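The structure appears right after this line, and notes come after that.
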Amino acid sequence: MKTYAVIGYGGRGSLYARLLNGRGDFTLTAVCDINPDKLDKAVRDTGISRDKTFTDPEKFFAAGKQADALVLSTMDRTHYAYAIRALNSGYDLLLEKPIAESAEECRAIYELCRKLNRKVEVCHVLRYSPFYALIKQKIDGGELGKVVTVTQTENVGWYHQAHSFVRGNWGNSEKSSPMILQKCCHDMDILYYLIGKDCKAVSSFGSLTYFTRDNAPEGSADYCFMCPCADECIFNCMNLYKKSGAANGFLFLTDYYGDADDNAAIERHFSDKNNRFARCVYKCDNDVVDHQVTNLLFDDGVTAQLTMTAFSAEITRVIKVHLTKGEIVGDMGTNTLTFTPFGGEKEVVDVSAFTAGLAGHGGGDARLVDDFAALLEGKDAQILTDIGKSLMSHQMCYAAEESRRNGGKTVLL
Ligand SMILES: NC(=O)c1ccc[n+]([C@@H]2O[C@H](COP(=O)([O-])OP(=O)(O)OC[C@H]3O[C@@H](n4cnc5c(N)ncnc54)[C@H](O)[C@@H]3O)[C@@H](O)[C@H]2O)c1
């Protein structure tokens, strides 16, 4: 039996607690969150005793090591300081991405972890998804030749962008992280993982074009519940979050603890100026990009291109891998893969047809947790996302942001 603690009992922290508790061989021994409502939720969800909950991170760390491992799932800007404190306190870590705000901070966590001989897995969940695992397996099998170039599109989705990257946690890069780090560190990590070579150079363009005051409908109000344009607006929160509204599934992120199907309660929840998700999408404090394209050069001349866009109907990642003897095309949203050897028969694989449990990043969330658990228990673990394996893709993100901010100039790694 192993023990774990959670700091940051939000969407991710509560998910990991559910998955670890569900295994039966892990016990939650402490939870810290600055929001007391989240601690109430932790008590309800897990049955943890109230005296094992902390609203003050200082007190949490001052209490010393309270478990074998710590799930670190607070907001991005706290990761570095908390990771250093947690390692020094003796915890192994399940560390949410992004690791930290800079390459130097990432390296400092990595070096401390190696020095103290601690285990640190970064939540690059896509590596554990059967969808990407199959692509990796096919590439490494060699029958399609060598990878020459890869294109990946991160279709963020119009309402997901509005929820998370305009109104929500990650809209303002000063408060959280730039989009290329926050959202696309997964994509960079997958490109690096599949290509299997070091990245040498990066250039990137992107901007915030649409979710700005210039695009607000004439006469619109600052909040949907008082807006004369609400009926025609696809971003009207009243409809977006209601039952069968496009963003209804995102309600758990909005500090709404009611019934996701209760439209009257949802309407009351969003009729409040203190609710940031009630704000007009064109009048928020967001500054992160809504589209960005990045070119990457790897060792041996291998190239990759990543497009991130808010402007997609579906939330999905689409990938095309061009190899010397064939190509791989995949859509993670539909979990379909097509392997085509040049001059040969096309093989179409429906990933969902032969493996269950594809919820949560295509099944990556649950598989990551199982692997972390195996690592802690000293069992056979794949250890796909050890912090040492995550440094390069974070560097690729920092370089892309530097390039974007400098008009697309090439940044060498
Ligand atoms: N691996 C993934 O695919 C993935 C997906 C989404 C988010 N994330 C990352 O996970 C982290 C958490 O995201 P989330 O979606 O769970 O957000 P969230 O807002 O739902 O949860 C964050 C929680 O941390 C708490 N918190 C904030 N500051 C704190 C502090 N100083 N000390 C203690 N608690 C604090 C908040 O009250 C909140 O409950 C972020 O870094 C995010 O980038 C990763």
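Looking across ASN406, ASN335, one residue alone is without any contact (Cβ under 8 Å) to a residue 60 or more places away in the chain and either in contact with a helix residue (DSSP H, G or I) (Cβ under 6 Å, 6 or more places away or on another chain) or in the same structural domain as VAL202 (by TED's automatic domain parsing) (or both). It is ASN406. Scanning the range 1-36 for residues that are open to solvent by 60 Å² or more (accessible area, probe 1.4 Å) and either within 15 Å of the ligand (Cβ to nearest atom) or under 19 Å from ALA62 (Cβ atoms) (or both) turns up ARG12, ARG18, ILE34, PRO36. Out of all the residues in the range 347-364, is one or more surrounded by fewer than 16 Cβ atoms within 10 Å (Cβ to Cβ), more than 28 Å from LEU20 (Cβ to Cβ) and not hydrophobic (A, V, I, L, M, F, W, C)? Yes.
Just need a number here: residues in the range 37-54 that are part of a loop (DSSP other than H, G, I, E, B) and buried (at least 20 other Cβ atoms within 10 Å of the Cβ).
1
The residues of the range 186-231 that are in contact with a Ser or Thr (Cβ under 6 Å, 6 or more places away or on another chain), assigned by TED's automatic domain parsing to the domain that holds GLN305 and in a helix (DSSP H, G or I), listed by number, are MET188, ASP189, TYR192.
Candidates are the residues of the range 20-79 that are closer than 29 Å to SER173 by Cα and among the basic types (Lys, Arg); the one that is farthest from the chain's Cα centre (by Cα) is LYS59. Here the condition is being within 16 Å of the ligand (Cβ to nearest atom) and either at pLDDT 95 or above or of a type outside the set (Val, Ile, Thr) (or both); of ASN275, ASN239, it holds for ASN275 alone.
A quick yes/no check of all residues on (1) at pLDDT 95 or above; (2) within 18 Å of LEU126 (Cβ to Cβ); (3) open to solvent by less than 40 Å² (accessible area, probe 1.4 Å):
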position	(1), (2), (3)
GLU143	yes, no, no
ARG167	yes, no, yes
GLU174	no, no, no
MET188	yes, yes, yes
ASP198	yes, no, no
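Working only within the range 37-54, note down all residues that are of a type in the set (Gly, Ala, Ser) and within 11 Å of the ligand (Cβ to nearest atom). Selection gives ALA42 alone. Taken together, the residues in the range 236-268 that are without any contact (Cβ under 8 Å) to a residue 24 or more places away in the chain, within 24 Å of PRO36 (Cβ to Cβ) and out of contact with any His (no Cβ under 9 Å at 6 or more places or on another chain) amount to 5. Open to solvent by 10 Å² or more (accessible area, probe 1.4 Å), touching a strand residue (DSSP E or B) at 6+ places or on another chain (Cβ under 6 Å) and either within 16 Å of the ligand (Cβ to nearest atom) or not acidic (Asp, Glu) (or both): does that describe PHE205? Yes, satisfied. Note on the range 55-73: residues that are within 16 Å of the ligand (Cβ to nearest atom), open to solvent by 20 Å² or more (accessible area, probe 1.4 Å) and part of a loop (DSSP other than H, G, I, E, B) total 4.
The values are calculated or read from the model by the stated rules, or taken from the named source; none is laboratory data. What you see is a predicted model; the values in this text were computed from it and never measured. We place every Cβ from the backbone using ideal geometry, glycine too, and count neighbours over all the protein chains shown. Surface areas here come from the heavy atoms of the whole protein model, side chains and all, with no ligands, DNA or RNA. Shrake-Rupley method; radii C 1.70, N 1.55, O 1.52, S 1.80 Å.
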